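What follows is calculated from the coordinates using simple rules that are stated; it is not laboratory data. These figures come from a predicted structure and were not determined experimentally. Here Cβ is always computed from backbone atoms with ideal geometry, including for glycine, and neighbour counts include all displayed protein chains.
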Amino acid sequence: MQDYAIFNEQQVYIEKAKPLLENIYGAPKACVNTFGCQQNVSDSEHFKGMLKAMGYEITENVEEADFILFNTCAVREHAEDRVYGNIGTIKKLKAARKNIILAVSGCMAQQEIVANKIKKSYPYVDIVFGTHNIHRLPEFIYKRLSGSGRIFERSTTVTEIVEGMPVLRDKSVKGWLPIMYGCNNFCTYCIVPYVRGRERSRASAQIIKEAKEMVASGIKDITLLGQNVNSYGKGLNEDINFAGLLRKINDIPGDFRIRFMTSHPKDCTEELLTTMSECSKVCKQLHLPFQSGSSRVLKAMNRHYDRQTYLNLIKKAKALMPGITLTSDVIVGFPGETYAEFCQTLSLIKEVRFNSLFTFIFSPRPGTPAWNMPDNVSRAEKGKWFNELLLTQEPIGKELEQEMLGKAYKVLCEELGKDGQIIAKTDGNIAVEFNGPESLIGSFVNIKITGINGGLKATLI
Ligand code: SF4
């Protein structure tokens, strides 16, 4: 169910908070710190939209902020440790300025164990709220300003999609467009289904409306976002799947690109690959996490595909879209994985020839099935495997870059680099740098790759 009424309640809190904020702070400032994936980046854009509507000026400088929010990630232990470290640094700021409000949200905050730890060990944190209550930020701030005690809210009662939340996008050239929330897959290593809930898709009309608004505002690169975008449409009262949604967005007039992430191989259909190949605005780029090259490990991960199915998908994608950019996620050292099985991951990488990989050593997450799986390989040994994987991928990535030399590409100029050069992206999301006027930012131009020197260098043609 899509619901505008849910956020209407928050509009009341936004209006009630404005005079309070003005009285206490004069011109209040808010700083939003984001950890983790693009879904969190997108959620933070909504936090900033709500904060701006309340009268806060958004700042990147935590030292000058009156409201500080940590939007957290629970996918890996390392990310959690960084969050606790960051929360710790705010203690001094709050000691000096008592009326700072400190809030923690996101996937960590959705977990009871984390909420309890913050309650006990970080008494200067004012508000802790999980992923199901993102839209209630104005209410929490208003209540805290009005003298309420510390607020802890993890309830999962809102299962509808909350429409109508304001958004303040970080970039003007490219933007995130959430199309679904949650995940039903329960990969055995993953905490996401426990902290983000079950899959819910937005109605296509809402997505098209937002995509049109993005295009009208000058955005030229739209990334459709979801934990498992290619299972889009399940449970909706309309007959649509992800391929159908792509075609609808592709039909919106204007000069812009469409990307999407993340896809699951089990839902990556031939229809989807054909649609990608037929839609001119859909980038020929596929981020398709394979996680392991061993069918036995994939089964233990509950991934619902095997090595050969994955390789067949890649073969089809390459046949339909020659030159397609391929990227993936890989886990090294899943519990029970043997060195021989890890070598199957290496051989899959060599066979597919990915442009780049997001590589991770397995990080056990409490509450997931993999947490209790026997794991006989030491961290040091996994570290060696990890390095071997990097050494396998590195020359492949470089060779694919070499193949781009001398070729022409249409690129989108996205921003200025530190040295004043324009940073632009190909259809395959590969960054190139070239000299050109700043006024080109936000435009598509044609370039030719002229060299490789700490990245691809190009000239305008
Ligand atoms: S598909 Fe698997 S890895 Fe991705 S969010 Fe869902 S459970 Fe996690």
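For the chain, give me every cysteine whose Cβ has no other Cys Cβ within less than 4.7 Å, ordered by residue number.
Flagged as lacking a Cys partner: 31, 37, 73, 107, 183, 268, 279, 283, 343, 413.
Taking Cα centroids, how far is the stretch 1-22 from the stretch 59-80 in Å?
23 Å
First measure r as the distance between the Cβ atoms of residue 343 and residue 270, then evaluate 1/(1 + (r/R0)^6) with R0 = 25 Å and state the FRET efficiency to the nearest 0.05.
0.25
Roughly how many Å is it from the Cα centre of the stretch 228-278 to that of the stretch 398-461, as a whole number?
The stretch 228-278 and the stretch 398-461 have Cα centres separated by 28 Å.
Could you give the length gained by full extension between residue 20 and residue 435, i.e. 0.36 nm per residue of separation minus their alpha carbon distance, to one decimal place?
Once the chain is fully extended between residue 20 and residue 435, it gains 144.5 nm.
Within 10 Å of each candidate Cβ there may be at most 11 other Cβ atoms; applying that plus a DSSP loop requirement, which chymotrypsin sites (Phe, Trp or Tyr not before Pro) in the stretch 403-450 survive?
none
Taking θ as phi - 60°, what are the ³J(HN,Hα) couplings along the stretch 99-116 by the Karplus curve (6.51, -1.76, 1.60), each to the nearest whole Hz, with x for Gly and Pro?
8, 5, 9, 10, 10, 10, 10, x, 5, 5, 5, 6, 8, 4, 4, 6, 4, 5
Once the other residues with Cβ under 15 Å from the Cβ of residue 433 are scored (Lys, Arg +1; Asp, Glu -1), what is the net sum? It would help to have the intermediate numbers written out before the result.
Details: positive: 418, 425, 448, 457; negative: 401, 414, 415, 419, 438.
Once positives and negatives cancel, what remains is -1.
If packing is taken as the average count of other Cβ atoms within 10 Å, what order do 340-350, 134-144 fall into, highest mean first? Provide the component values of the computation, followed by the final result.
Details: 340-350: 17.4, 134-144: 21.8.
Averaged packing, sorted descending, gives the order 134-144, 340-350.
Tally Lys/Arg at +1 and Asp/Glu at -1 over every other residue whose Cβ is under 15 Å from the Cβ of residue 37; what's the total?
It works out to a net charge of 0.
In this model, which of 234/425; 315/407; 48/266 are farther than 28 Å apart at the alpha-carbon? Write out the running numbers ahead of the final one.
Details: 234/425 33 Å; 315/407 24 Å; 48/266 35 Å.
Violating the 28 Å limit, Cα to Cα: 234/425; 48/266.
First measure r as the distance between the Cβ atoms of residue 316 and residue 59, then evaluate 1/(1 + (r/R0)^6) with R0 = 45 Å and state the FRET efficiency to the nearest 0.05. Walk me through the numbers before you get to the answer.
Working: r = 48 Å, r/R0 = 1.06.
Efficiency, rounded to the nearest 0.05: 0.40.
Using only DSSP helix segments of four residues or longer, with each worth -39500 (n - 2.57), what per-residue ellipticity at 222 nm results for the chain after dividing by its residue count and rounding to 500?
Calculated at 222 nm, the ellipticity per residue is -12000 deg cm²/dmol.
Cα-Cα over 18 Å: which of 318/457; 281/398; 220/398; 16/52?
On the way: 318/457 26 Å; 281/398 27 Å; 220/398 28 Å; 16/52 14 Å.
Pairs exceeding 18 Å: 318/457; 281/398; 220/398.
As an exercise, use a Förster radius of 22 Å and the Cβ-Cβ distance of residue 205 and residue 41 to find the FRET efficiency, rounded to the nearest 0.05.
The calculated FRET efficiency here is 0.35.
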